[in-house]
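These notes concern the structure reproduced below.
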Amino acid sequence: MIKEILITKENLDLALKIEHEIFPFYDAKANYLDSINKIENNEYFLLYDDDTLIGISGAYYYDIDTTSLWLGWFGIRKEYRRLHYGSMALKLFEDKALKKGYKFTRLYTDKYNNDEAINFYKYNGYVFEDYLCKDDSASYKYPILIGSKSLIGEDIIPWNNRNFNFTKQIIKQNLSDISLITIDRLDEVTNLYEDCFKDNKYFLEQFKNNDLHIIMQTSFKDMFRYCINNNLCYGIYCENKIIALYLAFDYYELKRNDIKQFNNVFTSDYNCTDYPYIHELHDKINLFDKPIMYILAVLVAKEARGLKLANCLINDILNRFNSYTIISDVTNPILLHIFEKSNFIIDYIDDNYYLVHKNHR
């Protein structure tokens, strides 16, 4: 039988340990403390099956809608998943909401690269809608879906973009705070790039007769330096370590001002300054609206994959450079899928190689 134990000062450390285990790059501490100190309309719980701690859950409501109880910080520990604990814990939350007089239960979840969670909630009766509130800026930077379920047999009343201050929650949990990377991190950027690309099939085929480490530490590193010096390298940190980043540059500005680096990227001929550019972008470059921001790389450290950080980075690119047409070459199928879900146009070039682009208009 699933039961809830309220999170208090006495078990806060245990709750945070379990929360970090389930959501390693998210932080619920501020939410838990608000609940303990009765600052917000929320409660959070440890979930148990008899004496076995299986996960966490939470419930909160908004004054703008007294008919809905929201699910928060809900997760099952990895070793107890696929044992129906998730559905049982969700039912416990819904029964509690019904007893308290609520008509609907609601939740929000990441829109992209989150099929497992979305399908779980759909299986349990939730209907989803986009949340795009003009007064809630984080709704554009971190796209989410709102899931709703009727508890009383009535039709679901859509949330319809009412402002529930998602920005405030993002600030609280300090989720994937994307910051400018400075030149003192150049070696760290280079090492992360090398680690991400050293097993890339397309990359290995292109450079099979060369020492990849030497290439990384010379011509590639010079290009990374250019991006950083032009304030076009942004990343996500965890405990002062870069765990994800992107590198970018203004395509025409680079072509005008540093033809050596331009050839380095588009011809793989670092030493030639005569601009032997041979349609690397397959003549499409002239079809794109100017200006153009070229994404050199989107990188996520191996230990941080599966946490939707690449999606956060791509959303940041679209938000930060919203007056540019965004283009990139992509050889990673997972990253390609993320670009596709972000409504980029995908052009197949050849095996394992694609051109992605999205006009700013």
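The values are calculated or read from the model by the stated rules, or taken from the named source; none is laboratory data. All values derive from a computational prediction rather than experimental measurement. Cβ placement follows ideal geometry from the backbone for every residue including glycine, while neighbour counts extend to all protein chains displayed.
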_Within region 288-308, tally of residues that are touching a strand residue (DSSP E or B) at 6+ places or on another chain (Cβ under 9 Å) and either in a helix (DSSP H, G or I) or of a type in the set (Asp, Glu) (or both)_ = 3
_Criterion first (at pLDDT 95 or above and out of contact with any Asp or Glu (no Cβ under 7 Å at 6 or more places or on another chain)) does residue 36 satisfy it?_
no
*What are the residues in region 170-189 that are crowded, with 17+ Cβ neighbours inside 10 Å and modelled with pLDDT under 95, if any?*
170, 173, 175, 176, 178
*Output the residue which, of all residues in region 38-76 that are outside any strand (DSSP E or B) and touching a Lys or Arg at 6+ places or on another chain (Cβ under 9 Å), is nearest to residue 5 (Cα to Cα).*
50
*Could you tell me whether any residue of region 16-29 is of a type in the set (A, V, I, L, M), buried (at least 20 other Cβ atoms within 10 Å of the Cβ) and assigned to a strand (DSSP E or B)?*
no
*asked:* Among the residues in region 136-143, are any surrounded by fewer than 17 Cβ atoms within 10 Å (Cβ to Cβ), at pLDDT 90 or above and closer than 22 Å to residue 338 by Cβ?
replied: no
